[in-house]
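S.K.: What follows is a single structure, and I will ask about it in a moment.
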Amino acid sequence: MSGAGAGVFITLEGVDGAGKTTQLRRLAAAFAAAGRAVIETREPGGSPGAETIRRLLVEGEPGRWSAETELLLFTAARRDHLERTVAPALAAGAVVLCDRFVDSTRAYQAAGRGVARRMVDDLHAAFIARDPDLTLVLDVDPAEALARGAARGGGEARFEGFGLSFQQGLRAAFRAIAEADPDRCALIDAAGDPEAVAARIRAAVADRGFLP
Ligand SMILES: Nc1ncnc2c1ncn2[C@@H]1O[C@H](COP(=O)(O)OP(=O)(O)OP(=O)(O)O)[C@@H](O)[C@H]1O
Ligand SMILES: [Mg+2]
C-alpha cells in the first residue's frame, strides 16, 4: 500500500468554497492536454465504499459525530479510497488529482475540532502511509469562499454549519500546514477569477516539474 508507484499524486486543499473542485477540473484538462492519463477523485469518497461513508460525514447536524469518531470515519474512508482507487491508478502510471486528503483532516478535525494532531498523524502513518507528491493549498478569505459556495445548494453543508469563525481557523491551519512543509505544499492565492487562479496553479505545478 505504501509503494510510491509510477504516477503523480496531487491533492487540492482549502476551506469550503475555496475553488478546489473548479480548479481540479481545469488542472485535469491541463494534464490531459499534455498527454497524461489523469484520474479525478475526491475525499471523503472516491470509491463506492468511501462514498457511502461520505454521506455519514457531510450530511446532517454539525454535532452528529464527536471529533474523534469523525477522525475514524474519515480514516476508514481514506483507506478504502487508497486501496481501491488511488494506489491502483498510481501503479498504472496515472496522474491522480484528489479533492481533499489528509491535510483536510489535520485542519478540520485537529486544528478545527480539537482532536490531538498526533492522533491524526499516527492514524495516517498506520493506515494510509502515502503522502501526495504535491499539495496545492488554495488560500482565500472564507467569507468570500462561502459566498461563492452559497450558490451551490445541496445537502452537503454539515461543515459550513460550524460557522465562519471555524472556517477562519481552518484557513489559518491550512496556511500553517503549507508553511511547515514547503517541499510538498504550494500555497496558492485563490482570490480573483477562476482563470487567474488556474494560471497560478499551472505555474506551481510546472515549477515542480509535473507539467511542461
Ligand atoms: N475564483 C472564483 N471566483 C468566483 N467564484 C468561483 C471561483 N472558483 C470557484 N467559484 C465558484 O464558487 C463555488 C465554489 O467553488 P468550488 O465548488 O470549486 O469550491 P470547493 O473548494 O470545491 O468547495 P467545497 O469545499 O464546498 O467542495 C462554485 O459555485 C464555483 O463555481
Ligand atoms: Mg468541492
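The values are calculated or read from the model by the stated rules, or taken from the named source; none is laboratory data. The model shown is predicted, which means the values in this text are computed figures rather than measured ones. With ideal geometry, Cβ positions are generated from the backbone for all residues, glycine too; neighbour counts draw on all protein chains shown.
S.K.: Could you go through the stretch 176-184 and let me know if any residue there is in contact with a Ser or Thr (Cβ under 7 Å, 6 or more places away or on another chain) and of a type in the set (D, E, K, R).
M.R.: So far as the stretch 176-184 goes, yes, one or more of its residues are in contact with a Ser or Thr (Cβ under 7 Å, 6 or more places away or on another chain) and of a type in the set (D, E, K, R).
S.K.: Taking VAL58 as meeting all but one of (1) hydrophobic (A, V, I, L, M, F, W, C); (2) under 27 Å from GLY169 (Cα atoms); (3) modelled with pLDDT of 95 or more, write down the number of the exception.
M.R.: Unmet for VAL58, out of (1) hydrophobic (A, V, I, L, M, F, W, C); (2) under 27 Å from GLY169 (Cα atoms); (3) modelled with pLDDT of 95 or more: (3).
S.K.: Could you please find all residues in the stretch 189-212 being touching a residue at least 60 places away in the same chain (Cβ under 8 Å), within 18 Å of PRO142 (Cβ to Cβ) and outside any helix (DSSP H, G or I)?
M.R.: Correct list: ALA190 only.
S.K.: Right, something else. Using beta carbons and a limit of 8 Å, which pairs, at least six apart or on different chains, have the first residue in the stretch 11-39 and free of Cβ contacts under 8 Å to residues at least 24 places away in the same chain and the second one more than 13 Å from ligand 2 (Cβ to nearest atom)?
M.R.: Pairs that qualify, where the first residue is free of Cβ contacts under 8 Å to residues at least 24 places away in the same chain and the partner is more than 13 Å from ligand 2 (Cβ to nearest atom), are ALA32/VAL38.
S.K.: Okay, next question. Read through the list (1) more than 15 Å from THR105 (Cβ to Cβ); (2) surrounded by 15 or more Cβ atoms within 10 Å (Cβ to Cβ), then give the number of the only condition that LEU170 fails.
M.R.: Of everything listed in (1) more than 15 Å from THR105 (Cβ to Cβ); (2) surrounded by 15 or more Cβ atoms within 10 Å (Cβ to Cβ), LEU170 misses just condition (1).
S.K.: Which count do you get for residues in the stretch 44-63 that are more than 16 Å from ligand 2 (Cβ to nearest atom), small (Gly, Ala, Ser) and either surrounded by 21 or more Cβ atoms within 10 Å (Cβ to Cβ) or not in a helix (DSSP H, G or I) (or both)?
M.R.: Result for the stretch 44-63: 2.
S.K.: Condition first: buried (at least 16 other Cβ atoms within 10 Å of the Cβ) and within 27 Å of ASP189 (Cβ to Cβ). Can you find one or more residues in the stretch 66-73 that meet it?
M.R.: no
S.K.: Right, another one. Just one of the numbered conditions (1) touching a Lys or Arg at 6+ places or on another chain (Cβ under 6 Å); (2) within 27 Å of ALA76 (Cα to Cα) is not true of ALA116; which one?
M.R.: Just one mismatch for ALA116, condition (1).
S.K.: Could I ask something else about it? Kindly indicate the residue of the stretch 1-37 that is closer than 22 Å to SER104 by Cα and surrounded by fewer than 20 Cβ atoms within 10 Å (Cβ to Cβ) and also nearest to ligand 2 (Cβ to nearest atom) among those meeting that condition.
M.R.: Going through the qualifying residues, I end up with THR21.
S.K.: In the stretch 87-168, which helices (runs of 4 or more DSSP H) lie fully inside it and hold 3 or more residues that are away from ligand 1 (no atom under 12 Å from the Cβ)?
M.R.: 87-91, 102-105, 117-123
S.K.: Of all residues in the stretch 9-43, how many are in a loop (DSSP other than H, G, I, E, B) and either away from ligand 1 (no atom under 11 Å from the Cβ) or over 20 Å from ALA91 (Cα atoms) (or both)?
M.R.: Residues that pass the stated criteria total 10.
S.K.: Within the stretch 178-185, can one find any residue that is among the hydrophobic types (A, V, I, L, M, F, W, C), surrounded by 14 or more Cβ atoms within 10 Å (Cβ to Cβ), under 15 Å from the mean Cα position of the chain (by Cα) and within 16 Å of ligand 2 (Cβ to nearest atom)?
M.R.: No; the residues of the stretch 178-185 include none that is among the hydrophobic types (A, V, I, L, M, F, W, C), surrounded by 14 or more Cβ atoms within 10 Å (Cβ to Cβ), under 15 Å from the mean Cα position of the chain (by Cα) and within 16 Å of ligand 2 (Cβ to nearest atom).
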